[in-house]
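Peer 1: Right, I'll just put the structure down here and ask away after.
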Amino acid sequence: MKKNLIRGFEGILHGGDYNPDQWLSRPQILDDDFKFMKIAGCNAFSVGIFSWANYEPREGVFDFSWLDSIMDRMAEAGNNVMLATPSAAKPAWMSKKYPEIRRVNRQGIRDFHHTRMNHCWTSPIYREKVGQINTMLAQRYAGHPALKAWHVSNEYHGECYCELCVKSWWKWLEEKYGTIERLNDAWWTGFWSHRYDSWDEIEPGDWVDGMRLDWRRFNSWQMREFMLFESLPLKEIAPDIPITTNMMGFYETVDYWRIAEICDFISDDSYPDWLGGEDQIIQAARIGMIHDMHRSMKKGSPFLLMESTPGSTNWKKYFRQKRPGVHNLEMMQAIAHGADGVCYFQWRKGLGGGEKFHGAVVDHSNRTDTLEFTAVKELGETLPKIAGISGSSSSSPAALIYDWEIRWAIDCSHGPGSADFKKYVDTCVSHYRQFWRNSIPCDVIESLSPFDSYRIISAPMLFMLKPAVAERLVEFVRNGGILVSSYLSGIVDEFNRCIPDGWPGMGLRQLFGVREETVDGLGPNDKQSVRFSSPIGEMKGDYPASEYCAIVHPEGAEILAKYTDDFYAGSPAVTVNRFGKGYAYYIGARLSDEFHKGLYSHILSRHFGPEMKFFDFPEGVSARVRGEAGREHLFIMNFNDREVSVNPPAGFAEALLGPPLSNPMKIPAHGVSVLIK
Ligand code: GAL
């Protein structure tokens, strides 16, 4: 069934953050904006994200007249407005009059006004002010024809250690643990005399791994709770208008699965580094994984790429301009993975402020023949051609588990190895890349998500086992699923306490048929490899290992490869265990992309054969199918800096976009081909 992001709009949203309040004294610019929006084929704008000081220049003095006029012009132009709540940036008078609204850092120092998203999560005064302005916006614009969604705040992030937030932390802990004894047990507070006798003794600190993890959870909960709070008047006054907030990919400190639960649709901000070469391919896989996660958060329904840039990003190390075709490729990738809209930060570059060099649709020259404008305009002409896919959802045979709480548990543990060794996200990407390079539709799920619809699940570094996850994985494999996991899995429980009786714990030892005793963190003078004793698929010989090598004892699994060096030479490094109707693979060491490529290709062909052989395209090319059954669109995306030759699969009758259909087909560097049935 079709599920469009915005009621009454079929097609792909295209537009960006529009900040007309920076230009009110230059009315000609606003006229140009509306003219240029049409030329660029843009139809969707986020408005008012940082406009509070313009709505309420002095306390209690409100002026919405400029927004009234913008909303009317938007409606007249047939544009869709995602109206923001302005809570991400507060007016200076408010910071001055009510210091409690400003965040306090870890060292106990209250922040200056100076930036955005630096408000306290708990302050009753801030909440009162946010509640008031959001209510006024909802009352004023609920029935406005241009209003199509609420853009709630902007990129929630950050933490506050003020007295109010610490009190809220105590309350959160009490609700979670019920009794202080339970907390002492969960946090193992016998360590360094950390035992607590009452909630108000618990200062957030760094040396109790369980506390560190809970502080992350609490902080993430604060953001969710703040979003719920500020969405209340929107939901009450304008119940038919969907709400969303812009996420930031794998941003470390927010568990976006919990934010997703309160969004009507998912939005994301994405600023990839397109640096060319192999870096670009890895980046493409990473961005594909993020998109797949956003699609998975709403069970396959479309999401919105809320922010991206048609040019280059001012805050990145390399102010690299997009090479020809790259903008189209980046936007098509989002759409191919499930986006029903691609928008930019921002529509027009400001002349001053901190983002005057950030890419935007219209630059300081106010021309429509710039690199950026041209790229946007070309896309604006292209999108209507694929409008038919909007609202379509999808399902995947494969899933990869990327879980914020697992990441936090790893990062909040002191060891094994230093923080720069852990690389949980990169490890997940290196496994995801194997589905991506084979163009296998893959969901990106959390460990609490249901597993039963998948044929294969990859769960690298499944360090923490939340309740029932181990049992559900056992069930999954018993019923015929294929599971791939790695070193440092099943190590701690939900409180970040080590699981006794051998790793991977909670029954996973039996599932994998191995016991991991510990990991050897390789130092600068160590050398280690894994060796296949007999060829596995196309894999033979030695593969160099780095950083983590688990020391493993077999407990029934078949050994596929062994270590070559040092005191554990000859012990198992890669194993597979038949369990029920399925198989559980265990990769003991951190290994290269070449290794993963070979192993996954073996696993996929051994267990699924042609079923998982979707397409056979060259390296750096990935494909996705979208659209209703019988009217599928196949997106073939070339992330290489050179032309590639591909053999289009049978059954596609016409090239909707890109080079004409032929066999073989040549897809230019950074090119995209869309074929239809
Ligand atoms: C985002 C933010 C935008 C803008 C953009 C620049 O993180 O939401 O307001 O600052 O970055 O890349």
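Peer 1: Could you size up the charge dipole of segment 415-557 around its Cα centre, putting +1 on the beta carbon of Lys and Arg and -1 on that of Asp and Glu, and report it in debye to the nearest 20?
Peer 2: Values: 14 positive and 18 negative charges, 64 e Å.
So the magnitude is around 300 debye.
Peer 1: With a 10 Å Cβ neighbour count serving as the proxy for reagent exposure, in which order, fewest first, do 453, 430 appear?
Peer 2: Numbers: 453 12, 430 22.
If I rank by nearby Cβ atoms, fewest first, I get 453, 430.
Peer 1: Would you kindly compute the Cα radius of gyration of segment 559-677 and its largest Cα-Cα separation (Dmax), both in Å?
Peer 2: 19.4, 60
Peer 1: Please compute the net charge surrounding residue 273, taking Lys and Arg as +1 and Asp and Glu as -1 over other residues with Cβ under 9 Å from its Cβ.
Peer 2: On the way: positive: 316, 317, 320; negative: 279.
Net local charge, residue 273 excluded: +2.
Peer 1: Continuing with this model, one more query. Return a whole-number percent for the relative contact order of segment 489-560, with Cα pairs under 8 Å and 6 or more residues apart as the contact set.
Peer 2: Values: 104 pairs, mean separation 22.1, N = 72.
In percent, rounded to a whole number, it is 31.
Peer 1: Also: Cross-link partners among lysines for residue 540, C-alpha distance below 17 Å, same-chain residues fewer than 8 apart left out?
Peer 2: By straight Cα distance, residue 540 reaches 562, 597.
Peer 1: What are the lysines whose alpha-carbon lies under 23 Å from the alpha-carbon of residue 299, with same-chain residues fewer than 8 places away excluded?
Peer 2: Once the sequence-local lysines are set aside, what remains near residue 299 is 2, 3, 148, 235, 466.
Peer 1: Given 0.36 nm per residue, what is the gain on full extension from residue 319 to residue 261 after removing their alpha carbon distance, in nm? Don't skip to the end; give the middle numbers.
Peer 2: Working: separation 58, 0.36 × 58 = 20.88 nm, distance 3.57 nm.
Fully extending the segment from residue 319 to residue 261 adds 17.3 nm.
Peer 1: Additional query: With a 10 Å Cβ neighbour count serving as the proxy for reagent exposure, in which order, fewest first, do 543, 271 appear? Write out the running numbers ahead of the final one.
Peer 2: Working: 543 22, 271 18.
The most exposed by this proxy come first: 271, 543.
Peer 1: On average over all directions, what projected area in square nanometres does segment 112-271 have, based on the convex hull of its Cα atoms? Before the final figure, lay out each step's value.
Peer 2: On the way: hull surface 45.4 nm².
Seen from a random direction, the Cα hull of segment 112-271 projects 11.3 nm² on average.
Peer 1: Skipping prolines and chain starts, which residues have an amide H placed within reach, meaning under 5 Å, of the one on residue 400, given they are 5 or more residues away or on another chain?
Peer 2: The list, which skips near neighbours in sequence, is 443, 444, 445, 458.
Peer 1: Charges only on Cβ, +1 for Lys and Arg, -1 for Asp and Glu: so what's the dipole of the chain about the Cα centre, in debye to the nearest 20? Please list the in-between numbers first.
Peer 2: On the way: 74 positive and 86 negative charges, 218 e Å.
Around 1040 debye, computed over the chain.
Peer 1: If the chain between residue 170 and residue 97 were fully stretched, how many nm would it gain, using 0.36 nm times the residue separation less the Cα-Cα distance?
Peer 2: In short, 23.5 nm is gained.
Peer 1: In addition: Is segment 546-620 best put as rounded, prolate or oblate by its Cα gyration tensor, with a ≥ b ≥ c the root eigenvalues, rounded for a/c under 1.5, and otherwise prolate when a/b is larger than b/c, oblate when not? Don't jump to the answer; show the numbers that get you there.
Peer 2: Working: a/c = 3.36, a/b = 1.44, b/c = 2.34.
The shape class here is oblate.
Peer 1: Residue 31 to residue 374: FRET efficiency via 1/(1 + (r/R0)^6), r the Cβ-Cβ distance, R0 25 Å, to the nearest 0.05? Mind showing how you got there, number by number?
Peer 2: Details: r = 21 Å, r/R0 = 0.85.
It comes out at approximately 0.70.
Peer 1: Quick check for me: using +1 on Lys/Arg Cβ and -1 on Asp/Glu Cβ, what's the dipole size of segment 323-381 about its Cα centre, in debye to the nearest 20? Walk me through the numbers before you get to the answer.
Peer 2: Working: 6 positive and 8 negative charges, 46 e Å.
In total the dipole reaches around 220 debye.
Peer 1: Quick one: what are the phi-derived ³J(HN,Hα) couplings along segment 390-397, Karplus 6.51/-1.76/1.60 with θ = phi - 60°, whole Hz, x for glycine and proline?
Peer 2: Computed from phi, the couplings for segment 390-397 are 4, x, 7, 10, 8, 10, 10, x Hz.
Peer 1: Right, something else. Exactly which chymotrypsin sites (Phe, Trp or Tyr not before Pro) in segment 175-262 are in a DSSP loop and have at most 15 other Cβ atoms within 10 Å?
Peer 2: On the way: sites: 177, 187, 188, 191, 192, 196, 199, 207, 215, 218, 221, 226, 229, 250, 251, 256, 257; in loops: 188, 196, 207, 250, 251.
Sparse-neighbourhood loop chymotrypsin sites (Phe, Trp or Tyr not before Pro): 207, 251.
Peer 1: Hey, quick one: spin label on residue 526, modelled 7 Å out along Cα-Cβ, who in segment 534-567 has an amide N within reach, i.e. under 14 Å?
Peer 2: So the set is 545-552, 563-567.
Peer 1: Along the three principal axes, how long is segment 268-393 when you take its alpha carbons, biggest first, rounded to the nearest angstrom?
Peer 2: Principal axes ranked by extent give 42, 32, 26 Å for the Cα atoms.
Peer 1: State the extension gain, in nm to one decimal, for the chain segment bounded by residue 366 and residue 179, taking 0.36 nm per residue of separation less the distance between their alpha-carbons. Please list the in-between numbers first.
Peer 2: Details: separation 187, 0.36 × 187 = 67.32 nm, distance 6.30 nm.
Answer, rounded to one decimal: 61.0 nm.
Peer 1: Tell me, what ³J(HN,Hα) does each residue in segment 143-156 have, in order and in whole Hz, if you take phi through Karplus 6.51 cos²θ - 1.76 cosθ + 1.60 with θ = phi - 60° and put x for Gly and Pro?
Peer 2: x, 6, x, 7, 6, 10, 7, 9, 9, 7, 6, 7, 6, 3
Peer 1: Which cross-chain or sequence-distant (5 or more) residues have an amide H under 5 Å from the amide H of residue 514, H modelled 1.01 Å from N in plane?
Peer 2: Placed amide hydrogens put 555 under 5 Å from residue 514.
Peer 1: Additional query: So what's the Cα pair-distance distribution over the chain, bin width 20 Å, in %?
Peer 2: 17, 48, 31, 4
Peer 1: Now, a different point. Where Lys and Arg each count +1 and Asp and Glu each count -1, what net charge lies around residue 6 among other residues with Cβ under 13 Å from its Cβ? Intermediate values should be presented prior to the final figure.
Peer 2: Details: positive: 2, 3, 7, 148; negative: 10, 240, 264, 340.
Surrounding charge for residue 6 is 0.
Peer 1: When the Kirkwood hydrodynamic radius is evaluated over all pairs of different C-alpha atoms of segment 257-318, what value in angstrom, to one decimal, is obtained?
Peer 2: Values: mean 1/r = 0.0771 Å⁻¹.
Over segment 257-318, the inverse of the mean reciprocal pair distance is 13.0 Å.
Peer 1: Tell me, what HN-Hα J-couplings in whole Hz come from the Karplus equation 6.51 cos²θ - 1.76 cosθ + 1.60 at θ = phi - 60° for each residue of segment 5-20, using x for Gly and Pro?
Peer 2: Coupling constants for segment 5-20: 4, 10, 4, x, 10, 9, x, 9, 6, 8, x, x, 6, 10, 10, x Hz.
Peer 1: Which of the GluC sites (Glu not before Pro) found in segment 209-279 are in a DSSP loop and have at most 11 neighbouring Cβ atoms, other than their own, within 10 Å? Before the final figure, lay out each step's value.
Peer 2: Values: sites: 225, 230, 236, 252, 261, 278; in loops: 252, 261.
Loop-located and lightly packed - 261.
Peer 1: Next up: Quick one: if you take sqrt(5λ) for each eigenvalue of the C-alpha gyration tensor of segment 524-566, what semi-axes come out, biggest first, whole angstrom? The partial results should precede the final answer.
Peer 2: Numbers: eigenvalues 72, 45, 11 Å².
Equivalent-ellipsoid dimensions as semi-axes: 19, 15, 7 Å.
Peer 1: Report the relative contact order of segment 527-581, percent, no decimals, based on alpha-carbon pairs under 8 angstrom and at least 6 residues apart. Working shown, then result.
Peer 2: On the way: 97 pairs, mean separation 19.0, N = 55.
Value for segment 527-581: 35 percent.
Peer 1: Can you compute the helix-only [θ] at 222 nm over the chain? Use -39500 (n - 2.57) per DSSP H run of at least 4 residues, normalise by all residues, nearest 500 deg cm²/dmol. Could you put the intermediate results ahead of the total?
Peer 2: Values: 18 runs with 213 residues, N = 677.
Helix contribution divided over all residues of the chain: -9500 deg cm²/dmol.
Peer 1: Run through all the Cα pairs of segment 415-513 and give the fraction in each 10 Å bin from 0, expressed as whole percent.
Peer 2: 15, 47, 33, 6
Peer 1: Sort 173, 448, 591 so the one with the fewest other Cβ atoms within 10 Å of its own Cβ comes first. Before the final figure, lay out the partial values.
Peer 2: Working: 173 22, 448 14, 591 26.
Ascending number of Cβ neighbours within 10 Å: 448, 173, 591.
Peer 1: Now, a different point. Under a Cβ-Cβ cut-off of 13 Å, what is the net charge of the residues other than residue 522 that fall near it, where Lys and Arg count +1 and Asp and Glu count -1?
Peer 2: Details: positive: 527, 590; negative: 520, 526, 547, 565, 566.
Here the count lands on -3.
Peer 1: Something else: Non-local amide H neighbours of residue 13 (under 5 Å, H modeled in plane, Pro and chain starts lacking H): which ones?
Peer 2: For residue 13, whose amide H was placed from the backbone, the distant partners under 5 Å are 341, 342.
Peer 1: Is any helix in the chain, taking whole DSSP H runs, at least 27 angstrom long along its axis by alpha carbon and on average at least -1.0 on the Kyte-Doolittle scale, and which ones?
Peer 2: Numbers: long enough: 209-237 (43 Å, -0.62); 277-297 (31 Å, -0.34).
The answer, listed by residue number, is 209-237, 277-297.
Peer 1: Regarding segment 332-372, what's the average projected area of the Cα-atom convex hull, expressed in nm²?
Peer 2: Working: hull surface 14.6 nm².
If I average the Cα hull's projected area over directions, I get 3.7 nm².
Peer 1: Just to confirm the filter: which trypsin sites (Lys or Arg not before Pro) across segment 287-373 are DSSP coil and have at most 16 other Cβ within 10 angstrom of their Cβ? Before the final figure, lay out the partial values.
Peer 2: Values: sites: 295, 298, 299, 316, 317, 320, 322, 348, 349, 356, 367; in loops: 298, 299, 316, 317, 320, 322, 349, 356, 367.
In loop regions of segment 287-373 (DSSP not H, G, I, E or B), the sparsely surrounded trypsin sites (Lys or Arg not before Pro) are 299, 316, 317, 320, 356, 367.
Peer 1: Just the ratio, please: alpha-carbon radius of gyration of segment 498-574 over 2.2 N^0.38 Å, N its number of residues.
Peer 2: Values: Rg = 13.0 Å, N = 77, 2.2 N^0.38 = 11.5 Å.
Relative to the 2.2 N^0.38 Å estimate, segment 498-574 comes out at 1.14.
Peer 1: What is the percent of Cα-Cα separations in segment 321-464 that go past 20 Å? The partial results should precede the final answer.
Peer 2: Details: 6586 of 10296 pairs.
So the portion of pairs separated by more than 20 Å is 64 percent.
Throughout, read-outs are computed from the coordinates displayed, never taken from laboratory work. Predicted model only: the values in this text are computed from it and were never measured. Virtual Cβ from ideal backbone geometry, glycine too; neighbours counted across all protein chains shown.
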